[in-house]
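The values are calculated or read from the model by the stated rules, or taken from the named source; none is laboratory data. All values reported here derive from a predicted model rather than from experimental measurement. Virtual Cβ from ideal backbone geometry, glycine too; neighbours counted across all protein chains shown.
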There are 2 protein chains.
Amino acid sequence: MTALDPNTPVLSDIETPALVVDGTLLAANIERMAAAARRAGVALRPHAKTHKSPDIARRQLRVGAVGIACATIREAEDMIAAGIPDALITSPVVGGDKVRRLVELHRRSAVMLTVDHPSQVDDISAALGSNDMPLALLVDVDIGQARTGVTSAEECLALARHIQAAPRLRFVGLQGYAGHVQHIIAAQERRQAVHEAGAVLRACADRLKADGLAPTVISGSGTGASTFDLDGGCYTELQVGSYVFMDADYGRLRERDGAPLPYENALFVLATVISINRAGQVTVDAGTKALAVNGPPPDIIIGVPGGSSYTFAGDEHGTIRLPPSAAAPTLGSHVLIGATHCDPTVNLHDGYHVASGDGMLAYWPIVGRYRSTTPQAPLKRAAFPASR
Amino acid sequence: MTALDPNTPVLSDIETPALVVDGTLLAANIERMAAAARRAGVALRPHAKTHKSPDIARRQLRVGAVGIACATIREAEDMIAAGIPDALITSPVVGGDKVRRLVELHRRSAVMLTVDHPSQVDDISAALGSNDMPLALLVDVDIGQARTGVTSAEECLALARHIQAAPRLRFVGLQGYAGHVQHIIAAQERRQAVHEAGAVLRACADRLKADGLAPTVISGSGTGASTFDLDGGCYTELQVGSYVFMDADYGRLRERDGAPLPYENALFVLATVISINRAGQVTVDAGTKALAVNGPPPDIIIGVPGGSSYTFAGDEHGTIRLPPSAAAPTLGSHVLIGATHCDPTVNLHDGYHVASGDGMLAYWPIVGRYRSTTPQAPLKRAAFPASR
């Protein structure tokens, strides 16, 4: 549980709403996962889609991560531009000039990519020049989520061969992400689902091996599945993400012994009390544009009497209901609201205020959010339809 | 219904996911609301929280809007910096150095503010200098939403008097936003709720008038209530926002005659098909970080066979299920997905690609999103806890 006080002087001048990270808990989460991976002899490639922060990625690398995972080419570009040395893009890169940008990244830094279709392979091969080093590709395997990936061991083998045969490409292994099992609460049930998803990936690996194309890398997993993928799973590296901040949903998950996962909530939205005219309730300046709604309602609220509850009250507002006869926080005072779904909450902000127990504060920018550039090709001059 | 084709050449090079606006429908929506207001003799002060776009605000002003409404000081700052001449901030400005920033804005441009507590009034009065022009304030009245605002006519009068008595401030009127009535579908039921909310505001206005403080401005309403507030409501100006783009929820609302509101869906997310390995389904690169989830699921999907349906499949992915035996769109092709909740969808992007039927394209930036600056006061040097 965080020891942060929303009304500590060091947080008093921050423009709200704002993301605040408990730096002590963040560091502990990072170290705990790194230690578990070291013990298990499995590599960590933390997914940067959770935090979108080069500062956090750097700390993950410092304790032994082999690189990072990125969900989009934009994330990889921004991370590499900030000095992060190694990125795996975990989703097919298709359309526009993204393949050209991928090649540019490859010329500057270590980058790997997942593919799930021969035409993606052909496009990338064609975009590379004869002086380029071979680009490393993983075949994405659908292990039950039905989102991306090849859907059989035969398809997997065919695509791996296609990569090997294409100029300037190198087949290095497999990716399988079991998004559908990450949030299963009961340990035994989650373990079974992780096992079934892993079996699909193992069958692909075996088929490739029999054909002389044994995968060097098998990348995947997530915070929920990591309990089981850490010991005896099929992965050589784990793409865990949410553990750095945890969230309400992962907080409900249980380990084999019934204990919760060993990571603590470290991500909060700092908000200001802006209206106090109603009995038993105050209004704060954080709503659906500051806190993601696709999680349980926020239940950690610091700076108000115990038993208070938060309700979304529009894009820029939330209301906090106070327990009967509790003293209301004053106008202008701060509250910290625990983020219940971290990735999309992070995506609403442009940086973190990182606080540690001793009152220190840093600001870490968030990168890699969508910014859809105007195409490079010349455009016809915009002529907005006459509006009268 | 939009005539835009997601695979028209002019959209082909856009980095997806991206916001695309049908410029023809946007212009028609803007003109239609402006014409209705002209006929009714009511002023328009469109809410910029919907679009966060100086380009759209400028077009609203061009057809007669008296100014814009902003939800936050950040929105007002960015709008005024982009040349929009007049902004009402519709929520109390409390905390940090926001009052100082408000005063700076007031020195540069026409700005009005709502307040709901005497201490807000005192803070603003104290921050103004003796050379400053008086700053115009509205008293925010809670007309049923229980979010911000004074809660009785007596409180309203007391706060108006407090403003009048404070140095360098000017009481100009009232604001009442009936957020709770905007989305009532049936016309008769919505009309009744609008009437009840208006009655609270009228009672406040009458009380003030009896005391010689008749409000010059009564600001409020929204797209859903505008049907009734346009004819004979209590407002001198309407803060309508969503009508520029419409959204799925407002699309269900009915007018007195059973017709839908006369505005059309003009806002879409352009996405790319990135995986086609599963029968009857494709995967696109737009998920919960590209489309707001707090609305009905997207139901307008252009570029796929009729009868297709979209499902969120994570932060960066969506799956589109195709009707039986329909031809699947090809890898790399584009689809347009109608935004079902506009304001929070806009908030996920940094600009609009505006397309009109004749193939023209413009890029309009989105401003005023949260960016929590590091406080101006010097900080102790950040010392992130040692992570090993």
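Can you spot a residue in region A:184-205 that is within 13 Å of another protein chain (Cβ to nearest Cβ) and surrounded by fewer than 18 Cβ atoms within 10 Å (Cβ to Cβ)?
No, because not a single residue in region A:184-205 is within 13 Å of another protein chain (Cβ to nearest Cβ) and surrounded by fewer than 18 Cβ atoms within 10 Å (Cβ to Cβ).
So, in region B:274-306, of the ones that are under 12 Å from B:Arg321 (Cα atoms) and among the hydrophobic types (A, V, I, L, M, F, W, C), which residue ends up nearest to the other protein chains (Cβ to nearest Cβ)?
B:Ile276
Just to be sure, is B:Arg278 out of contact with any helix residue (DSSP H, G or I) (no Cβ under 7 Å at 6 or more places or on another chain), farther than 28 Å from B:Ile366 by Cβ and either surrounded by fewer than 24 Cβ atoms within 10 Å (Cβ to Cβ) or modelled with pLDDT under 95 (or both)?
Judged against the criteria, B:Arg278 is a match.
To keep it simple, each residue is scored yes or no on (1) more than 11 Å from every other protein chain (Cβ to nearest Cβ); (2) within 24 Å of B:Asp231 (Cα to Cα).
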site	(1), (2)
B:Arg45	yes, yes
B:Gln60	no, yes
B:Glu75	no, no
B:Ala81	yes, no
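Where residues in region A:16-39 are of a type in the set (Gly, Ala, Ser) and touching a strand residue (DSSP E or B) at 6+ places or on another chain (Cβ under 8 Å), which of them is nearest to the other protein chains (Cβ to nearest Cβ)?
Filtering region A:16-39 for residues that are of a type in the set (Gly, Ala, Ser) and touching a strand residue (DSSP E or B) at 6+ places or on another chain (Cβ under 8 Å), the one nearest to the other protein chains (Cβ to nearest Cβ) comes out as A:Ala18.
Given the criteria surrounded by 24 or more Cβ atoms within 10 Å (Cβ to Cβ) and touching a residue at least 40 places away in the same chain (Cβ under 8 Å), does B:Val141 qualify?
Spelling it out, B:Val141 is indeed surrounded by 24 or more Cβ atoms within 10 Å (Cβ to Cβ) and touching a residue at least 40 places away in the same chain (Cβ under 8 Å).
Only residues that are without any contact (Cβ under 8 Å) to a residue 24 or more places away in the chain and surrounded by fewer than 20 Cβ atoms within 10 Å (Cβ to Cβ): list them for region A:294-322, please.
A:Pro305, A:Gly306, A:Gly307, A:Ser309, A:Thr311
So A:Ala76 passes all but one of these: (1) closer than 22 Å to B:Gly314 by Cα; (2) at pLDDT 95 or above; (3) of a type outside the set (Lys, Arg); (4) part of a loop (DSSP other than H, G, I, E, B). Which condition number does it fail?
Evaluating A:Ala76 over (1) closer than 22 Å to B:Gly314 by Cα; (2) at pLDDT 95 or above; (3) of a type outside the set (Lys, Arg); (4) part of a loop (DSSP other than H, G, I, E, B) leaves (4) as the failure.
For B:Asp13, only one of the following conditions fails: (1) facing chain A (nearest Cβ under 10 Å); (2) assigned to a loop (DSSP other than H, G, I, E, B); (3) crowded, with 23+ Cβ neighbours inside 10 Å. What is its number?
(3)
Applying the selection to region B:323-371, what residues are within 27 Å of the chain's Cα centre (by Cα) and polar (S, T, N, Q)?
The answer is B:Thr340, B:Thr345, B:Asn347, B:Ser356.
Based on what the data block shows, is A:Ala126 touching a residue at least 60 places away in the same chain (Cβ under 8 Å), exposed (fewer than 15 other Cβ atoms within 10 Å of the Cβ) and small (Gly, Ala, Ser)?
Judged against the criteria, A:Ala126 is not a match.
May I ask you to list the residues in region A:142-154 that are farther than 9 Å from A:Cys204 by Cβ and at the interface with chain B (Cβ under 10 Å from one of its Cβ atoms)?
The answer is A:Asp142, A:Gln145, A:Ala146, A:Arg147, A:Thr148, A:Gly149, A:Thr151.
Results for (1) crowded, with 20+ Cβ neighbours inside 10 Å; (2) closer than 29 Å to A:Pro92 by Cβ; (3) at pLDDT 95 or above; (4) in contact with a Cys (Cβ under 8 Å, 6 or more places away or on another chain), shown as yes or no for each residue.
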{"residue": "B:Tyr243", "(1), (2), (3), (4)": "yes, no, yes, no"}
{"residue": "B:Asp249", "(1), (2), (3), (4)": "no, no, no, no"}
{"residue": "B:Glu255", "(1), (2), (3), (4)": "no, no, no, no"}
{"residue": "B:Tyr263", "(1), (2), (3), (4)": "yes, no, yes, no"}
{"residue": "B:Val282", "(1), (2), (3), (4)": "yes, yes, yes, no"}
{"residue": "B:Lys289", "(1), (2), (3), (4)": "yes, yes, yes, no"}
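Tell me which strands (runs of 3 or more DSSP E) are completely within region A:243-359 and hold 2 or more residues being of a type in the set (A, V, I, L, M), or say none if there are none.
Those strands (runs of 3 or more DSSP E) span A:267-275, A:281-284, A:334-338, A:351-355.
Which of (1) without any contact (Cβ under 8 Å) to a residue 40 or more places away in the chain; (2) part of a helix (DSSP H, G or I); (3) over 27 Å from B:Ala27 (Cα atoms) does B:Phe228 not meet, given it meets every other one?
Failing condition for B:Phe228: (3).
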